[in-house]
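Notes follow once the structure below has been shown.
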Amino acid sequence: MNTKEHFRTFVYPTAFGSRTSKLNQLNESHRWKDYHVADAYEDEAPEYFAMRNSTGVFDLCPMTKHRITGPDAMDFLNRMLTRDISQLKPSRVAYCVWCDDDGQVIDDGTVFHMRPGEYLLCSQERQLDWLNISALGFDVSIKEVTHDIAALALQGPTSCAILREMGLANIEEIKPFGIAWYDFEGSELMVSRTGFTGDLGYEVWIEPGKAEALWDALFAAGKQRGIRAVGTHALEMTRIEAGFIQAGVDFLPADGAVRPGRTRSPFELGLSWLVDFKKPNFTGRKALLAEKERGSRFNLVKLDIAGNKPATNAYIYNRKNEVVGTVTSAMWSPTAKANIALASLHAPWGKPGDELYADIYYQRELKWSRVKARAEVVEGAFYDPERRRVTPARDT
Amino acid sequence: MTNQKIIIVGGGHNGLVCAAYLARAGRKVTVLEAASQVGGAAITREFAPGFKVSGCAHLLFMLDSGISSDLALEKQGFRLASRDIETVSLSVKGDHLFLSGSEVRGADLGAEDAAKLKQFNDRMLKFAGVLRKVYSGRPPRLTSGWSELKTLAKLGLAIRGMGRDDMREFLRIAGINIYDILQEQFDSEMLKGAMAWDAVLGGHLGPRSNNSVLHYLHRLTGEVNGKRGAFASVKGGMGGLTQALAKAAMAAGVEVRTSAVVSKIVVDNGVVTGAELEGGEKIPASRVVSSADPRTTFMDLVGLRHLEAGTALQVRNIRAKGSVAKLHLALDSLPSFKGLDAKALGRRILISPNMVELEQAFDFSKYGEMSESPMMEITIPTVHDADLAPDGKHVLSALVQYAPYRLKQGWDSGRAELLRRTMTVLERYAPGIGASVLHSEILSPADIEREFRIAGGHWHHAEFALDQFMMTRPFYGSSQYASPLPGLYLCGAGCHPGGGVMGCAGRNAANEILARGDAV
């Protein structure tokens, strides 16, 4: 339950606040729901490289979490989510989206099937209202547990070795999207091989009272393996490289949209693989089926753009100089050595081979310039190391 | 289609009308009625040995004449016990108001009011005629297709066709409250009280609530024997009508099963495939048409899990909390009302002496309390139909407002209290009536819910209001009798055009199903 008293304190430190505040040299943070989290501790570049070359630790306490239990928990989730959750075995995690009746994405997230019949749903946005609406007609109990669980993301090639060093036996055996439980100083520590970086990585979950001890143990174990606290700026870079979308950035959550045409369906976000029409009923099914027959309005694509000027917020043009879409996320990727972007284009644009241009405005010493750079549609992630998938996980 | 059978859930008047029309078009139809007799809430009930009375509605004023003639109801034994029933609105001083169509006399009436009434009624009947035009077909959708636009255009043209002044007036008043309108027009408190009763009967609203004008117009869409805005009573009670409907349906080939309680509408792989009875019998069907209210249909029989979440929320949010109780008295002799001739006892007798008292009676129900002095509409059906009671005895039937569905103290203890308050009011107008009561019964909305299986005990299955009207009745996306589930249709009062013993929803639903041919 949310027992925070916002009329006394606007924004709280997370359960790791005593540790992160000491490391936060810039003292720059932003509000994420009820908490503040560091944008960057010292500099986003070394933090990014820690995630790609050793291990970065990201504080994800503020992520919205719901515990879903009860006899109908699975049926409830299966009706709410577009993907078939009946296939999700205990100790497994699945990426998912959920839609409104119009088939427009409300949010994306991860659903953890913990023990049989017990689920944890993690999302960017608060979802209790929609979960309760979706629960009409189901025997299910839904609790918001955001404040009851402290969580860290431990991402990068040395993350497995660090956790083993900390004493988590057989950690390398957890498959991608798998969950394992360990004892940590008498408390239950949940470890899932999940993350937002497209690389080898884990997320660790513990009761808030043990958060600081967990932080200390991780940093002690990771000292020789390049462990480093990372802020949201660095995480943002890794998720764009991985090609992951973010609510409020790459799509507008449907329940917050006012203007028609601003929202997106899963098809329009490149997530058709998450939609399972074999299920007889799920929220949005009718509309999505109709969309499948009629065709979608938008395509979300990955773009490889000429040059090195990030195409942030750029319009995308076709050869006839018509605007066919906009960039939603963009960056120079140090690892892919490419100028990459995610863009939402009007259908039918966005097929590989389409001749597209990004209209990029950039500044050099207060002077604005503009370049129209060729943009190639890329299939697959910009960055996709093999170690992400390999089990047993490697040490580097 | 492997199995062409159509199941109708519920044998109320709409279910029977729908069944009859489908069977007349050659469909194989089975009506499943939970009670031991058909009729739903439109039945004649024996509430004490030898004393019979209409279960809910006790006057007929909306039955669609087309249905009545299509189904040759008179051939099936349907008779009126009386027609052109006049209204008398009681004054506690005995100076009553007598109303018959646009004729009015008595009480505190001035000449000006009497003259204005005709003008006012003519205009209201004209407005009601506009609604009437869209009652006989399915309501349009706002999004798609020429045929939908045509229906909307028909309504628009009907409004425009009234002429500039009437159009403006219609658009001005259709969404607002009757209190303001009557205050503009009339001086007589008695007259305004009586007219306001018709604007609030059956709903959770008072004269000052918006939608009360719409309520008023809705009632005026009805007609009896070609006379609009008139009242009649059915020979043998309201059950006389539904028995005739059942006979007409059976004559057309409908199988009618009573004491067949549907426990479940079966959904298989997203498609409705039949119904399951209490006791486990499964009846497969190509279509299931539910005349039950939409909340009972979707929440209890189908299960909200079979809808998409936003639709489930719409169903859950349908406003349908009954506010009317039904009083039944078995009387040793005809009661005597102060200042009222015994000849007038066959009339529709109102206790709604002015709009302020009516509004105050409503105030209680807003907060989950019953009215301190309930208002009522009384009929003594035995005046026209002696068969309803043993020789020389009488029955009194009254609609009592307001009795909120969710009574704070609960209806188990509230029922006796409501009876006491109702009798206190009656004694005020008919001193000594209590002494002649042999048996009494008061049905609260909770009782109506239980007895007639209507969620919320609301006769109209869904509050009649602009947000639950036409394309949003019972909710957007299920307004054309088809439901979000293939194979499932609705045909009850919760659908367009709404409640009242009218039959239009049943007939419109049948037409929709027939128009769709093989498509479920």
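The values are calculated or read from the model by the stated rules, or taken from the named source; none is laboratory data. Here the structure is a predicted model, which means the values were calculated and not measured. A quick note on method: Cβ atoms are made from the backbone with ideal geometry, for glycine too, and the neighbour counts reach across all protein chains shown.
Here is how the numbers come out for the structure above:
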{"quantity": "Matching residues, the stretch A:48-85, being of a type in the set (Gly, Ala, Ser) and away from every other protein chain (no Cβ under 14 Å)", "calculated": "A:Ala50, A:Ser54, A:Gly56"}
{"quantity": "Residue under evaluation A:Gln124, criteria (1) touching an Asp or Glu at 6+ places or on another chain (Cβ under 8 Å); (2) modelled with pLDDT of 95 or more, criterion not met", "calculated": "(2)"}
{"quantity": "Test result for A:Leu136, within 14 Å of chain B (Cβ to nearest Cβ), hydrophobic (A, V, I, L, M, F, W, C) and part of a loop (DSSP other than H, G, I, E, B)", "calculated": "yes"}
{"quantity": "Any chance A:Arg264 is touching a Lys or Arg at 6+ places or on another chain (Cβ under 9 Å) and closer than 18 Å to A:Trp349 by Cα", "calculated": "yes"}
{"quantity": "Complete set of residues in the stretch A:241-288 that are acidic (Asp, Glu) and more than 14 Å from chain B (Cβ to nearest Cβ)", "calculated": "A:Glu241, A:Asp250, A:Glu268"}
{"quantity": "Residue ID - modelled with the lowest pLDDT, chosen from residues in the stretch B:41-69 that are touching a helix residue (DSSP H, G or I) at 6+ places or on another chain (Cβ under 6 Å) and part of a loop (DSSP other than H, G, I, E, B)", "calculated": "B:Asp64"}
{"quantity": "Single condition B:Ser259 does not satisfy, out of (1) within 14 Å of chain A (Cβ to nearest Cβ); (2) hydroxyl-bearing (Ser, Thr, Tyr); (3) surrounded by fewer than 21 Cβ atoms within 10 Å (Cβ to Cβ)", "calculated": "(1)"}
{"quantity": "Any chance A:Thr238 is surrounded by 21 or more Cβ atoms within 10 Å (Cβ to Cβ), within 14 Å of another protein chain (Cβ to nearest Cβ) and closer than 30 Å to A:Pro62 by Cβ", "calculated": "no"}
{"quantity": "Flag if B:Arg208 is free of Cβ contacts under 8 Å to residues at least 60 places away in the same chain, on the phi < 0 side of the Ramachandran plot and among the basic types (Lys, Arg)", "calculated": "no"}
{"quantity": "Considering residues of the stretch A:104-133 that are surrounded by fewer than 23 Cβ atoms within 10 Å (Cβ to Cβ) and among the charged types (D, E, K, R) only, the residue farthest from the other protein chains (Cβ to nearest Cβ)", "calculated": "A:Arg115"}
{"quantity": "Selected residue [more than 28 Å from B:Thr296 (Cα to Cα), of a type in the set (Lys, Arg) and surrounded by fewer than 24 Cβ atoms within 10 Å (Cβ to Cβ)] from B:Lys93, B:Lys5", "calculated": "B:Lys93"}
{"quantity": "Check on A:Glu291, away from chain B (no Cβ under 14 Å), surrounded by fewer than 23 Cβ atoms within 10 Å (Cβ to Cβ), assigned to a helix (DSSP H, G or I) and modelled with pLDDT of 95 or more", "calculated": "yes"}
{"quantity": "Considering residues of the stretch B:341-356 that are out of contact with any helix residue (DSSP H, G or I) (no Cβ under 7 Å at 6 or more places or on another chain) and either assigned to a helix (DSSP H, G or I) or modelled with pLDDT of 95 or more (or both) only, the residue nearest to B:Ala57 (Cα to Cα)", "calculated": "B:Arg348"}
{"quantity": "So A:Val230, is it away from chain B (no Cβ under 14 Å), surrounded by fewer than 18 Cβ atoms within 10 Å (Cβ to Cβ) and either touching a residue at least 40 places away in the same chain (Cβ under 8 Å) or more than 30 Å from A:Ala40 (Cα to Cα) (or both)", "calculated": "no"}
{"quantity": "Selection from the stretch B:376-402 of residues that are in contact with a helix residue (DSSP H, G or I) (Cβ under 7 Å, 6 or more places away or on another chain) and of a type in the set (Gly, Ala, Ser)", "calculated": "B:Ala389, B:Ser397"}
{"quantity": "The stretch B:74-126: number of residues that are among the aromatic types (Phe, Trp, Tyr) and more than 23 Å from the chain's Cα centre (by Cα)", "calculated": "2"}
{"quantity": "Residue list for the stretch A:197-219, restricted to those being more than 25 Å from A:Asn27 (Cβ to Cβ) and either of a type in the set (Gly, Ala, Ser) or at pLDDT below 95 (or both)", "calculated": "A:Gly198, A:Gly201, A:Gly209, A:Ala217"}
{"quantity": "Hits in the stretch B:23-43 (condition: over 15 Å from the mean Cα position of the chain (by Cα) and within 18 Å of B:Arg79 (Cα to Cα))", "calculated": "B:Val38"}
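Yes/no matrix, rows are residues, columns are (1) in contact (Cβ under 8 Å) with a residue 24 or more places away in the chain; (2) in contact with an Asp or Glu (Cβ under 8 Å, 6 or more places away or on another chain); (3) within 14 Å of chain A (Cβ to nearest Cβ); (4) part of a loop (DSSP other than H, G, I, E, B):
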position	(1), (2), (3), (4)
B:Lys247	yes, no, no, no
B:Lys264	yes, yes, yes, no
B:Ala275	yes, no, no, no
B:Val289	yes, no, no, no
B:Gln314	yes, no, yes, no
B:Lys321	yes, yes, no, yes
